[in-house]
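Single-structure report; data block below.
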Amino acid sequence: MTTAPVEYVRAQITNHARLFFTEPAARLLQSDAIRFLTYAEAVAMRGRQIVIPVDLPVPPVPELPWQVQFNGTVLTLWNRAPHPDGDHWRAIPNETAPVWYQHVSGTLMPSWNLFGNTFDLLTFGEEQRLSQRDHHDRFAAAFSPRLERGLLEVPAVNETVALVVAAVVAMSHTGQPSFTLDCLSGPPVVVLSHDCDALLGNDFWTQSVRLYRFIQSLVRLRLPRLSNLWWLARNAVTPRRFYFDNATGMIDIERCFGYTSTFYLLNGSGGRFGARSPFSVIPQLLEHIPPSWDIGIHYNYDTFLNQDRFAAQLEQLQEVVSHQFVSGRAHYLKFDPFRSFSFLQQFGIYVDESSGWADYVGYRNGIAGCFQAYDTEKQLPLDIWEVPMVIMEAALIKQHGADAVNFVERQLQHLSCIGGALTILVHPGQFFNPEHRQMLGIYHELLKVCRRMGAITHTARSLVDQLRR
C-alpha cells in the first residue's frame, strides 16, 4: 500500500482529536508512539508503542460485530483482526470481546481492522463496491451492508479515536491501555442547520399536492380529508405562516438556548425538485439572520455537476449576500462522493453537508464530526471537508416515532463519553406547522435535550475553520 492512504487516515484521526480532545492528547497521536505497518511488521514490533496494521482486507459485508465497555458507554467493533500467534500476546480486556492485543514487551495492536474500517468509511467504500442507487441516483441507507448488521447508528470513527486517545495517553505513563478518558474529551457538539426549500406555503407544487390528495380520496370513493382544502386556502391567504415565519422563529428559539445555525438558501430553477419559493423572498429572510449565524448555498437539483447552472445559481445568491459562499448542501441530497467534491471546489466551496441519508437517521461515514474529502483515483486529500448529516427531522420521526427525542438524547450521551458533533437538520416548513402535527414541538424538545446534555454549538463552517487555521 502506498503511503497516501496511511497519511490520510493518520491526519483524519489527528484532526478529529484536535476538535474533540485536549491538545496534549492530540499531539501524542502525531508522535512515534503510533505506527502504521503491515500486519507482519506490526506483529514483529517490540516495545511500548501502538502498531496499526494497514493491509488487512475489508470484507464487503461487515464481519460479526462485538461490543465493549468504555468510559461509561458501550462501543461496537467489527472486522476482527487475527490474533497474533504465540503465548506472548494476550487479548485485552478478554478473548471474547477484545479491544487490543498486547505483547509482553508492551506492543499494542488493535483487535479490529482499525485502519481498513476507517479508510473505508471516510472514502465511501460501500458506494464504490455497490451499484445500487435510488430514483434520485442516491446511495440510500437501505443499500448499505451495515444496515443488516445494525451498524448505521454507530459513530465508528469517533469510537476508534476515543480508544486510541485513551490508550496512547495511558501507555505513555503505565504501559497499559486505558478504558477511560479521564477528562481528555470536551462536551458534545451540536451542528444545527436548515434547508430553506420552501419559504412560502402557496407555491404551485405544495398546493397541487394538497389538491391531489383531496381529489384522490374522492376518486377512490373514500372520505376526503377536508384539512387539505383548509391548508390550500389558508396558505393562499397567508403564505408566510408556518414557512417564512418558522425560519425566523427558529432563530428566536436558538437565541434562547445560546445556539447558532446555518441557513442553506435554495434558488434557481423551480419545479417539483427545484426551488419552490421566488427569489424575492430570500433577501427578506436575510434581514432576519443574525451575523453570527452562517449562510450557505443549497445546491439546486438541476445544478448537479453542471457548471453553468451551478455558476448561475451562485451568482444570483451573491447579488444579495456580501460574503463569499464557502459552505453548502445538495437539495434532495443529490450528491456523488466521487465527483461532487472536486466540482464544488471550483466554486470556492470547502464545507459540504450533503453526505447523509434521506431515508434513515445514522452515520453514513461512521463519524459524528467532519473529515477531509479524499480523491481515491489520484490518492490525495482535497481541500474540501465533509460534515455528514446525521439527523433529518422527517427521517427521525419516521424511524423512531414517539422515541425520537430519547434517541437523540442517547446519541448525545454516547458522544459525551467519546467526543463528537451531532448534526441536526430541520426544515422551516417542519419546525412549527400544524399541517405536520407529528413535528410540533420536536425542535424545541431537541434543543432542550442538547442543553441538558451540556452540548455546545458550532456551525459546520466554524468546525472546519478550526482545522484549516
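Just so it is clear, none of the values below were taken in a lab; they were calculated from the coordinates. Quantities reported herein were computed from a predicted structural model and do not represent experimental measurements. Don't worry about glycine lacking a Cβ; one is built from the backbone with ideal geometry, like all the others, and counts go over all protein chains shown.
Of the helices (runs of 4 or more DSSP H) entirely within segment 1-110, those holding at least 3 residues that are within 28 Å of the chain's Cα centre (by Cα) and under 30 Å from THR457 (Cα atoms) occupy 3-20, 23-29. A search for C-beta distances below 7 Å between a residue of segment 97-112 that is farther than 16 Å from LEU37 by Cα and free of Cβ contacts under 8 Å to residues at least 60 places away in the same chain and any residue that is assigned to a strand (DSSP E or B) and β-branched (Val, Ile, Thr), counting only pairs 6+ apart in sequence or on different chains, returns ALA97/VAL68; PRO98/ILE92. Considered as a group, the residues in segment 112-150 that are basic (Lys, Arg) and farther than 14 Å from PRO59 by Cα include one that is nearest to the chain's Cα centre (by Cα), and that residue is ARG138. Select from segment 291-327 the residues that are part of a helix (DSSP H, G or I), free of Cβ contacts under 8 Å to residues at least 40 places away in the same chain and of a type in the set (D, E, K, R) and write down the one among them that is nearest to HIS458 (Cα to Cα). Restricting to residues being part of a helix (DSSP H, G or I), free of Cβ contacts under 8 Å to residues at least 40 places away in the same chain and of a type in the set (D, E, K, R), the top hit is GLU315.
Would you check which residues across segment 166-175 are in contact with a helix residue (DSSP H, G or I) (Cβ under 6 Å, 6 or more places away or on another chain) and either exposed (fewer than 14 other Cβ atoms within 10 Å of the Cβ) or of a type in the set (S, T, N, Q) (or both) and list them? Across segment 166-175, there are no qualifying residues.
Filtered by the rule that a residue be free of Cβ contacts under 8 Å to residues at least 40 places away in the same chain and touching a strand residue (DSSP E or B) at 6+ places or on another chain (Cβ under 9 Å), segment 4-51 gives GLU7, ARG10, ARG35, LEU37, THR38, ALA40, GLU41, ALA44. The helices (runs of 4 or more DSSP H) found entirely in segment 152-261 that carry 2 or more residues being under 25 Å from the mean Cα position of the chain (by Cα) and in contact (Cβ under 8 Å) with a residue 60 or more places away in the chain are 156-171, 244-257. Among the numbered conditions (1) at negative phi; (2) part of a loop (DSSP other than H, G, I, E, B), tell me where ASP137 comes up short. Of (1) at negative phi; (2) part of a loop (DSSP other than H, G, I, E, B), only one is false for ASP137: (1). The set of residues in segment 43-98 that are closer than 18 Å to GLY125 by Cβ and acidic (Asp, Glu) comprises ASP55, GLU63. Selection of segment 378-400 for residues being over 24 Å from LEU463 (Cα atoms) and in contact (Cβ under 8 Å) with a residue 12 or more places away in the chain yields GLN379, ALA394, ALA395, ILE397, GLN399, HIS400.
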